[in-house]
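The values are calculated or read from the model by the stated rules, or taken from the named source; none is laboratory data. This one's a predicted model, so the numbers in the text were calculated from it and none came from an experiment. All Cβ positions, even for glycine, are placed from backbone atoms using ideal geometry, and neighbour counts span all protein chains on display.
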Amino acid sequence: MENLVVRRVGKKGMGVFSNKPFKKGQMILRINTRDRITKKNESKMTNYDWNHVNAWGCKKYYRMKPPEKFINHSCNPNSFDKGGLLYAMKRIKKGDEVTLDYSIGGVEDWKMVCKCGGGNCRKIVRGKFLLLPEKLQKKYRPYLEEWYIEKVLKKGRNIHGSPRKRQK
Ligand SMILES: [Zn+2]
């Protein structure tokens, strides 16, 4: 049995739904990260392609494949991806839509209108993780990739997005 199923969700287009229950922290899916975007194939990328990429390093991307490419954003997500694996961030029931917060570990400054309908919906979702409210950055800290922590957070910026105070 497949763990996930892709189907249409009203105005949002496609969405991904769980086909069985998952416990918090349980692995949901091994993500296909092989279709890397390189200098060679970059010029052939369409806008649609760029809307369905995921990072595998700082400003390095791969083209996502189904079903993961159809996972919608939510400001109250129930999954996260780390090291090419998708995990449940909280308990997921069979039939729940599986969602990600696209801002986790983001380095590019894009904007997207969000209609996730959650009480904590940010309405305008921005790509850069460091533009998230401090509280949310702290909450999401465990879900960041190692490269993000090493290359972005530890390079003179703390998780609050302000320059580190100089030690005397
Ligand atoms: Zn939202």
Quick count over region 1-18, residues being loosely packed, with under 14 Cβ neighbours inside 10 Å and more than 24 Å from C114 (Cβ to Cβ), is 2
Within region 65-95, restricting to residues that are among the polar types (S, T, N, Q) and in a strand (DSSP E or B), the one that is nearest to the ligand (Cβ to nearest atom) is N72
With the first residue restricted to region 140-168 and required to be within 19 Å of M89 (Cα to Cα), and the second required to be in a loop (DSSP other than H, G, I, E, B) and modelled with pLDDT under 50, Cβ contacts under 8 Å at 6 or more apart or on different chains are R141/I159
With criteria (1) part of a loop (DSSP other than H, G, I, E, B); (2) at pLDDT below 95, W56 comes up short on (1)
Taking region 35-53 and keeping residues in a loop (DSSP other than H, G, I, E, B), within 18 Å of F70 (Cβ to Cβ) and over 15 Å from the mean Cα position of the chain (by Cα) leaves D35, T46
Within region 119-139, of all residues that are touching a residue at least 12 places away in the same chain (Cβ under 8 Å) and basic (K, R), the one farthest from the ligand (Cβ to nearest atom) is K138
Taking region 89-119 and keeping residues among the aliphatic types (A, V, I, L, M) and crowded, with 20+ Cβ neighbours inside 10 Å leaves M89, I92, V98, L100, I104
Scan region 86-107 and tell me whether some residue there is at positive phi and under 13 Å from the mean Cα position of the chain (by Cα). yes
Subset of region 101-115, residues in contact with a helix residue (DSSP H, G or I) (Cβ under 9 Å, 6 or more places away or on another chain) and either within 13 Å of the ligand (Cβ to nearest atom) or not β-branched (V, I, T) (or both), comes to D101, S103, G105, G106, D109, K115
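Residue by residue, here is whether (1) in contact with a Lys or Arg (Cβ under 7 Å, 6 or more places away or on another chain); (2) closer than 18 Å to K11 by Cα holds:
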{"site": "F70", "(1), (2)": "no, yes"}
{"site": "P77", "(1), (2)": "no, no"}
{"site": "Y87", "(1), (2)": "no, no"}
{"site": "R91", "(1), (2)": "yes, no"}
{"site": "E97", "(1), (2)": "no, yes"}
{"site": "Y102", "(1), (2)": "no, no"}
{"site": "G118", "(1), (2)": "no, yes"}
{"site": "K135", "(1), (2)": "no, no"}
{"site": "K138", "(1), (2)": "no, no"}
